[in-house]
1. Could you compute the net charge surrounding ALA129? Neighbours are other residues with a C-beta less than 14 Å from the C-beta of ALA129; K and R count +1, D and E count -1.
2. Using the crude model of +1 on Lys and Arg Cβ and -1 on Asp and Glu Cβ, and no other charge, please compute the dipole size for region 1-47 relative to its Cα centre, in debye to 20.
3. For the chain, just list the percent of Cα-Cα distances falling in each 10 Å bin from zero outward, please.
4. Solvent-accessible area per residue for region 1-117 at a 1.4 Å probe radius, Å²?
5. Please work out the ratio of the alpha-carbon Rg of region 67-141 to 2.2 N^0.38 Å and round it to two decimals.
6. Whenever you get a sec, compute what percent of the accessible area on region 15-108 sits on carbon and sulfur atoms (1.4 Å probe).
7. Just list whichever of LYS62/LYS111; LYS62/LYS101; LYS33/LYS101 have alpha carbons separated by over 22 Å in the model shown.
Amino acid sequence: MAKQTDEIKLLSSVPLFEGCSRKELEAIARAAKEVSHPEGDVLAREGDSGVGFFLIKDGTAKVSVGGRARSRMGPGDFFGEISLLDGGPRSATVSAETDMKLLGLTAWVFKGLIEQNPQIALKMLRVMASRLRAASARPTN
């Protein structure tokens, strides 16, 4: 139970899931699977189709775009949240700098989850609409 509590805490920090109740976060945690990757593995490759969402539980990863290092990610960081919805191409390459443990949720598992828990989808749509509205209101240069 402590393991799931830790996963729920991590999931609650993901902006896309910020409107979800504890019960909904528990459902997401049950649907997700822990995956491990050794140092050096490519977790996501820029331009490839995204298969899902990954939340880092342990370890560090390097993020690069166009072959240039952009940032590092560690516990609590995540990537692939939009591919849950559209399966679009990855915008960056994410490589394991250390051995890693991640919480993974594929698009097809997520689809089943929201079919059984439609309130999760509605709450995610509200968050996305709010972010889109905020981005649209920003002045462009």
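1. Details: positive: LYS123, ARG126, ARG131, ARG133; negative: GLU18.
Neighbourhood net charge equals +3.
2. On the way: 7 positive and 9 negative charges, 51 e Å.
So the dipole magnitude of region 1-47 works out to roughly 240 debye.
3. Values per bin, smallest distances first: 12, 39, 36, 12, 1.
4. 54
5. Details: Rg = 15.5 Å, N = 75, 2.2 N^0.38 = 11.3 Å.
Working it through for region 67-141, the quotient is 1.36.
6. Working: 2320 of 4770 Å².
Carbon and sulfur: 49 percent of the exposed surface of region 15-108.
7. Details: LYS62/LYS111 29 Å; LYS62/LYS101 15 Å; LYS33/LYS101 10 Å.
Too far apart for the 22 Å limit: LYS62/LYS111.
The values are calculated or read from the model by the stated rules, or taken from the named source; none is laboratory data. This is a predicted model, so every value here is computed, not measured. Here the Cβ is made from the backbone with ideal geometry for all residues, glycine too, and neighbour counts use every protein chain on show. Side chains are part of the model used for accessible areas, which takes the heavy atoms of the whole protein and leaves out ligands, DNA and RNA. Shrake-Rupley method; radii C 1.70, N 1.55, O 1.52, S 1.80 Å.
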